[in-house]
1. Taking each pair of distinct Cα atoms in segment 72-175 once, what is the resulting Kirkwood hydrodynamic radius in Å?
2. How big is Rg to Rh over the chain, alpha-carbon atoms, Rh as the Kirkwood inverse-mean-distance radius?
3. What shape does segment 22-77 take by its C-alpha gyration tensor, where a ≥ b ≥ c are the square roots of the eigenvalues and a/c under 1.5 counts as rounded, a/b above b/c as prolate, and the rest as oblate?
4. With unit charges on the beta carbon (Lys/Arg positive, Asp/Glu negative), name the residue among Ile324, Leu271, Ala340 whose Cα is farthest towards the positive pole of the charge dipole of segment 244-350.
5. Would you mind counting up the charge near Asp61? Only other residues with Cβ under 13 Å from its Cβ, with Lys and Arg at +1 and Asp and Glu at -1.
6. Using a 10 Å cut-off on Cβ atoms, rank the peptides 215-223, 307-315 from the highest mean neighbour count down.
7. Under the rule a/c < 1.5 gives rounded, and otherwise a/b versus b/c splits prolate from oblate, where does segment 156-202 land using the Cα gyration tensor?
8. When the accessible area of the chain is split by element with a 1.4 Å probe, what percent falls to carbon and sulfur?
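The values are calculated or read from the model by the stated rules, or taken from the named source; none is laboratory data. Quick caveat: nothing in here was measured; it's all calculated off a predicted structure. Cβ: placed from backbone, ideal geometry, glycine included. Neighbour counts: every protein chain shown. Calculation scope for accessible area: heavy atoms of the full protein, side chains included, ligands and nucleic acids excluded. Shrake-Rupley method; radii C 1.70, N 1.55, O 1.52, S 1.80 Å.
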Amino acid sequence: MRILVTGGAGFIGSALVRRLIEHSDHEVLVFDKLTYAGVLSSLEPVAASDRYAFVQADICDPDAVAKALKDFRPDVVAHLAAESHVDRSIDGPGAFVQTNLVGTFVMLNQTLGYWRGLPDVEKAAFRFHHISTDEVFGSLGEDGFFTETTPYDPRSPYSASKAGSDHLVRAWGHTYGLPVLVTNCSNNYGPYHFPEKLIPLIIIRALNGEPLPVYGDGSNVRDWLFVDDHARALQAVFETGTPGETYNVGGNAERRNIEVVTAICTILDRLRPRADGKAYADQITFVADRPGHDHRYAIDASKIRNDLGWTPSVTFEQGIEQTIAWYLENKTWWQDILDARYATQRLGVA
Ligand code: NAD
Ligand code: DAU
């Protein structure tokens, strides 16, 4: 199959592309604007493959999208391109509305035109797979899980823009018959994670001897999934999922933020002890809470498990150890990002 991956230079997109090139026969075209979050070196492991190609373009540009569709003739569009960081959406929501809503509209409209021109057999096999988030469901109390039928209740500019994009995708499926798939996934972590997000930010700041900022009292809960397991889930969904369906994807690994930060510190104490012999946990600093901070996310992933046979392959303890080891061994990848001063205001408190 030919897979067009928007946002393929990002954290999850690049994991998907590395997986498709290394573990399948599919051909891949990455369509990515290379915003501050697009990191071409994340695609270096597959750059030499003749089944991989890259185009730098904006999903909000209809002509660029139409050209990529016409030239590459994909069987699947895997749509991951988005503004993805909640804190940035609070500071500047405009880019989130533009890329996540307008960009998804442009992707849908151009894909619809392309799809309508396909021969019947290819038309029936085609899939538009929209990659979304569990944040569209809002915030849970201490109990319960998000299922595919949980009502939408987005509460940040980021989650509202993703919720709107999910609705657009389902509308294009319902009204125009475009074969769409939607996945809503929990928090990912793993190698090549941009250093503004909690887990890489804590690892890097710990190694640099800087304060480790925990928002509020650290009691907020996220459900963590290793990124390569998410990539496996995405492949299973666009290869074998039923058009029109939604699949929730989660790690069954709920942790309070303070537990995550403490776990990272404990592993670093063992793998790379501080020169002064003290514990990395001494660097933990409680800082002002995120405005509107959702308390808890937790996914019920029984539908994708029962229908498509997908389950996570690693536990949080295995995945976080692997992730920390990767950051220790791949300093060049993240140091290049820090040196390029990618949006320094979001690389942690000073
Ligand atoms: P990311 O921020 O790491 O990467 C986003 C990518 O999209 C970057 O390569 C960027 O250059 C590209 N991009 C942004 N705007 C673009 C535009 N206008 N045109 C073309 N390319 C553009 O994001 P991520 O964490 O890899 O998330 C990927 C997708 O998965 C997003 O849709 C996000 O909402 C969703 N998601 C993320 C998580 C998570 O934990 N990170 C969980 C569930 C769902
Ligand atoms: O749930 C899926 C979502 O997970 C995705 O849709 C988003 O794209 C992705 O960014 C992520 O959103 P979060 O807001 O949960 O991720 P973040 O890494 O920004 O924060 C994780 C938790 O850690 C959250 O409760 C806020 C907290 N936090 C974050 C940072 C950056 C801190 O306590 N300190 C920090 O410095």
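1. Evaluated over segment 72-175, this radius sits at 14.9 Å.
2. Details: Rg = 19.7 Å, Rh = 20.6 Å.
Radius of gyration over Kirkwood radius for the chain works out to 0.96.
3. Values: a/c = 2.47, a/b = 1.17, b/c = 2.12.
Note, shape of segment 22-77 comes out oblate.
4. Towards the positive end, the residue furthest out is Ala340.
5. Numbers: positive: Lys33, Lys67; negative: Asp32, Asp58, Asp63.
Charge balance in the 13 Å sphere: -1.
6. 215-223, 307-315
7. prolate
8. Summing carbon and sulfur atoms, their accessible area is 50 percent of the total for the chain.
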